[in-house]
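Contents: one structure, followed by commentary.
What follows is calculated from the coordinates using simple rules that are stated; it is not laboratory data. It should be emphasised that the depicted structure is a prediction, and the values quoted were computed from it without experimental measurement. Here Cβ is always computed from backbone atoms with ideal geometry, including for glycine, and neighbour counts include all displayed protein chains.
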């Protein structure tokens, strides 16, 4: 796949996740659509997560999660939303995060 085609595929996946987050009540836009945002998470959102979106044929969870954690904003755990083959609905994709981050989020639930 060419570089441009790969970027378009990634942008489509990011847009799908942003739409899904908005449907769940959070503000969300792709970082590509926000002026001046470089690096960091793939989405600009008020969701309490730092989200890295992936749509790849090969699954590289360890590398993707390392990237999400490295780019996460302070206080926002890094999470990977990975497209599930054959599933267009982003709510049916995989979410991957470190167990310690998951447990910290669960601890915050009243």
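Here the label points at residue 4 and residue 22, each 7 Å from Cα along the C-beta direction, are separated by 2.6 nm in the simple model. In this simple spin-label approximation, residue 62 and residue 103 carry label points 7 Å from Cα along the Cα→Cβ vector, and these lie 2.2 nm apart. Listed from fewest to most Cβ neighbours within 10 Å, the set 109, 51 follows the order 109, 51. The residues 83, 9, when put in order of fewest to most other Cβ atoms within 10 Å, stand as 9, 83.
Just check the stretch 59-110 against the gyration tensor rule for me: Cα atoms, a ≥ b ≥ c as the square roots of the eigenvalues, rounded for a/c under 1.5, and otherwise prolate or oblate depending on whether a/b exceeds b/c. Verdict is oblate for the stretch 59-110. For 15, 49, 102, the sequence from fewest to most other C-beta atoms within 10 Å is 102, 15, 49. Could you tell me which label, among [x] 13.9; [y] 15.3; [z] 14.3, carries the value of Kirkwood radius over Cα pairs in Å calculated for this structure? This structure yields the entry labelled [z].
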